[in-house]
Amino acid sequence: MLSNKSLLDIDSLEPGDIELILSNADSFGEISKRKVKKVPTLRGKTVFNLFFEPSTRTRTSFEIAAKRLSADIVNFSAPDSSLKKGESIIDTLRTILSMKVDLVIIRHPDSGTAVMMDRLTDIPVINAGDGKNRHPTQALLDLYTINKEFGKLKGLKAAVVGDFLDSRVARSDVALFKKMGMDVTIVSPTMFLPEDFSEIKVRHCIDDVIEDCDILYMLRMQFERQSRKFYPSVMEYKRFLGLDMDRLKRMKSGSIVMHPGPVNRGIEITDEVMDVKGKLADKIVIEKQVTSGVAIRMAILYLILG
Amino acid sequence: MDKTENRNILIKGGTIIDPAEGGVFASDIYIKDGIVTEIGKNIKAGSTAVKIDAEGLSVSPGFVDMHVHLRDPGFEDKETIESGALAAVKGGVTAAACMPNTRPAIDSEHTVKYVLEKSIDAACRVFPVAAMTRGLKGKEITEMGLLAEAGAVGFSDDGKCVGDSRLMYEIMRYSKQFGLPLILHEEDILMSGDGLMHEGRYSSMLGLEGISPLADDLMIARDIILAARSGAKIHITHLSTKSGVEMIRKAKKDGINITCDVTPHHLFFNDSFLTSFNTSLKVKPPIRSEEDRQALVGGIKEGVIDAVASDHAPHLDTEKNTTFRLAEFGTIGLETLFSASFSKLCGEEKMSLPGLIKLITASPAKILGIDAGKIEVGRLADIAVIDTGTEKTVKREDFISKSKNSAFIGQKLKGKVVCTISKGKLIYRSN
């Protein structure tokens, strides 16, 4: 029911696909609020959760989504260390495909692995994050969260703050937000930006966008994904890119703060902001993103397998 | 393929290309006991001679590929001197200069002699390029004098770049004693880092680590400066950047003893092809931007670039059939050297056929100082007969190299080598 059998990136999603996913997420989101959180939609289907990289959130989110749809889900986690040269990833993938599963969800530390997997098989593949390349379900759940908060997408001003270069979340979000007519600015220091990036607005300090943006999307500072450490220090990061109480208070009414999680408390977002109470707390939608994640993944599994 | 065929050969009705003079003329060629004995019209031959009907075809000196990896000794599962030479001849190549990054490296008299001895029976002539530094480690200068005496035609640490500028300067000064070229792989390894493809729009789009053109450019600039002072004969191999073309153009104008080559894959592809994550396109230096590619084509047209060389780099399926990050760098190229270059330079860019032929015969032969790349009476015949009128999609099954990692699989290429006479024998004839 989607235009492609697999969900590998944002670029190949048709506008109709996106609409369909968002509207289905609404109805599947309802199921999670019921007393009995299970429907028989995907009974008899086997879904393989193939994670070559540590992950709790995404893996669990897919697992819950599959279980609420009554699919059988199998988890396979290969520790990072076993992915040395000499071990054939192709053979691992073939082995899993031979078990005749109905869908594979793959996460891998190398860019392009989901595409490679998709080429090996006729069954659908969902990219749950490949290296620095793409993480489409994250972008879709972010979009869904925004749509629920604002009731619209077009014209919203989104600022994506942090290490753009090493982030598959940023790549996917920016592509999807732009596709939906949002006004996107990347806030990032030079070492986290590609050299030639004329097509997107760029700022270097969070203060440049804080008062004007509708959505402040804070990226996780991913030291583990940087091939070399060029950024001077955490102190410098907090000064130019961190979200603290002062900055939170300057955000305009109705604006929201998002983060793909897990948050590095004290780096991109301070403890005070994370634990803020009262009216300002409504701005922080990070937990709502997680809730949306289950609904979006139920919708995607249904649309691909149902 | 038949290396034992030892009959006299008559090539009839072809158009001979003389790359040295740029001339083109209709003529027959008669080859007796491997030696060209007559070039002229209406040659008659005995009934026992093999006749090659070259009507409508072009007859070129056998090609000279000045940059190949034959993986022998040490990596014979990827390629051997024997299998690589057969692949060469299928591609019309009758002289190949092989790079020293073998195991052990070609950094001793012994290994130079090994290559030369093994190539006696090979389908084409093989010219060893010896290492500049022991084990290609970039620390100590090799016995360049002994290596030259043993038969090395040049020196290179190909695959690596000597980072120590003082050492590089001394290598340049010392190489002058022997008059052999230094074939330089230019890469500042701290600049290229863990890069996987050209750093630019597509690397940031795909989330693949980039290799900045600065990595090549910095070392090209350094070596031009060192060559200006030392007077050494340097050759920049597999040039990939626009800025590199510009620097070499200026260096030549300034009278520096510098030449350079480019690969067919750098002329053919740009980094937008990488969106397929095709690991056969993972090469070093990386396939660069369209702007760089056009500058390379421009560099050929205006004569800044002296040669086209394949950088034939065989790798096993297991080394390529993996994720883009884990895959080895390199593509095979001997069998597609002509058709890939012809498709781009003559097909698309309307360059003349003799212009291209010079880049893969006389010009690289001159850089290496080897006696090859010409057809003359009295010489052992090294000849490639070419059909420029064909067009065909490259398939994996087409390759006879031990490795199949060709970037050109799936591409439509124009022109083909119809038959190759190497070392005086008709070794390859297509069906």
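The values are calculated or read from the model by the stated rules, or taken from the named source; none is laboratory data. The structure presented is a predicted model; accordingly, all values stated were derived computationally and were not measured. Here the Cβ positions follow ideal geometry from the backbone for every residue, glycine too, while neighbour counts run over all protein chains shown.
One table, with the values for the structure above:
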read-out: Scope segment A:95-134; condition of a type in the set (D, E, K, R), surrounded by fewer than 21 Cβ atoms within 10 Å (Cβ to Cβ) and outside any helix (DSSP H, G or I); matching residues; value: A:Lys100, A:Asp102, A:Asp122
read-out: B:Ser276 being surrounded by fewer than 24 Cβ atoms within 10 Å (Cβ to Cβ) and free of Cβ contacts under 8 Å to residues at least 12 places away in the same chain; value: yes
read-out: For A:Ser198: the one exception among (1) within 11 Å of chain B (Cβ to nearest Cβ); (2) in a helix (DSSP H, G or I); (3) farther than 19 Å from A:Phe223 by Cα; value: (2)
read-out: Residue tally, condition part of a loop (DSSP other than H, G, I, E, B), at pLDDT below 95 and under 25 Å from A:Asp142 (Cβ atoms), over segment A:42-78; value: 5
read-out: Which listed residue is part of a helix (DSSP H, G or I) and modelled with pLDDT under 95, from B:Thr318, B:Thr323; value: B:Thr318
read-out: Residue check, B:Gly163 under 28 Å from B:Thr111 (Cβ atoms) and touching a Leu at 6+ places or on another chain (Cβ under 7 Å); value: no
read-out: Residue in segment A:271-283 that is hydrophobic (A, V, I, L, M, F, W, C), assigned by TED's automatic domain parsing to the domain that holds A:Arg220, outside any loop (DSSP other than H, G, I, E, B) and under 13 Å from A:Tyr217 (Cβ atoms) present; value: no
read-out: Criterion: farther than 30 Å from B:Ile211 by Cα and over 19 Å from the mean Cα position of the chain (by Cα) - qualifying residue of A:Lys152, A:Lys201; value: A:Lys152
read-out: So B:Gly389, is it at pLDDT 95 or above, part of a strand (DSSP E or B) and not hydrophobic (A, V, I, L, M, F, W, C); value: yes
read-out: Count of residues meeting criterion [among the β-branched types (Val, Ile, Thr) and more than 11 Å from B:Val112 (Cβ to Cβ)] in segment B:134-158; value: 1
read-out: Residue in segment B:211-224 that is surrounded by 22 or more Cβ atoms within 10 Å (Cβ to Cβ) and farther than 18 Å from B:Pro285 by Cβ present; value: no
read-out: Single unsatisfied condition, B:Arg166 versus (1) in a helix (DSSP H, G or I); (2) charged (D, E, K, R); (3) modelled with pLDDT under 95; value: (3)
read-out: Matching option when the condition is more than 14 Å from chain B (Cβ to nearest Cβ), part of a helix (DSSP H, G or I) and not aromatic (Phe, Trp, Tyr), among A:Thr92, A:Thr137; value: A:Thr137
read-out: Count of residues meeting criterion [in contact with a Phe, Trp or Tyr (Cβ under 9 Å, 6 or more places away or on another chain) and aliphatic (A, V, I, L, M)] in segment B:201-224; value: 2
read-out: Qualifying residue in segment B:252-272 (condition: buried (at least 17 other Cβ atoms within 10 Å of the Cβ) and closer than 19 Å to A:Gly112 by Cα); value: yes
read-out: Among the residues listed as A:Leu280, A:Leu303, A:Leu216, A:Leu243, the single one being more than 30 Å from A:Lys67 (Cα to Cα), more than 14 Å from chain B (Cβ to nearest Cβ) and within 19 Å of the chain's Cα centre (by Cα); value: A:Leu216
read-out: Criterion violated by B:Glu348 - all others in (1) at pLDDT below 95; (2) acidic (Asp, Glu); (3) under 18 Å from B:Leu267 (Cβ atoms) satisfied; value: (1)
read-out: Unique match (being in contact with a helix residue (DSSP H, G or I) (Cβ under 7 Å, 6 or more places away or on another chain) and either in a loop (DSSP other than H, G, I, E, B) or at pLDDT below 95 (or both)) among B:Ile400, B:Ile375; value: B:Ile400
read-out: Exclusive hit being without any contact (Cβ under 8 Å) to a residue 24 or more places away in the chain and among the acidic types (Asp, Glu), set B:Glu55, B:Glu76, B:Glu38; value: B:Glu76
read-out: Residue ID - nearest to the chain's Cα centre (by Cα), chosen from residues in segment B:296-315 that are surrounded by fewer than 21 Cβ atoms within 10 Å (Cβ to Cβ) and in a loop (DSSP other than H, G, I, E, B); value: B:Gly303
read-out: Output for segment B:303-359, where each listed residue is in contact with a His (Cβ under 9 Å, 6 or more places away or on another chain), among the aliphatic types (A, V, I, L, M) and within 14 Å of chain A (Cβ to nearest Cβ); value: B:Ala327
read-out: Residues located in segment A:195-212, provided they are touching a helix residue (DSSP H, G or I) at 6+ places or on another chain (Cβ under 8 Å) and surrounded by 19 or more Cβ atoms within 10 Å (Cβ to Cβ); value: A:Ile206, A:Ile210
read-out: Check on B:Arg293, in a helix (DSSP H, G or I) and not small (Gly, Ala, Ser); value: yes
read-out: Top-ranked residue in segment B:180-201 [being within 21 Å of B:Asn270 (Cα to Cα) and of a type in the set (Asp, Glu); ranked as nearest to the other protein chains (Cβ to nearest Cβ)]; value: B:Asp194
read-out: Subset of segment A:164-187 that is part of a loop (DSSP other than H, G, I, E, B) and within 12 Å of chain B (Cβ to nearest Cβ) - its residue that is farthest from A:Cys213 (Cα to Cα); value: A:Asp166
read-out: Search result, residues across segment B:234-292 that are touching a Ser or Thr at 6+ places or on another chain (Cβ under 8 Å) and of a type in the set (Phe, Trp, Tyr); value: B:Phe268, B:Phe277
read-out: Those residues of segment B:377-391 which are surrounded by fewer than 23 Cβ atoms within 10 Å (Cβ to Cβ) and either among the β-branched types (Val, Ile, Thr) or touching a Pro at 6+ places or on another chain (Cβ under 9 Å) (or both), in sequence order; value: B:Val377, B:Thr388, B:Thr390
read-out: A:Leu241 vs. criteria touching a Cys at 6+ places or on another chain (Cβ under 9 Å), crowded, with 20+ Cβ neighbours inside 10 Å and either modelled with pLDDT of 95 or more or among the aliphatic types (A, V, I, L, M) (or both); value: yes
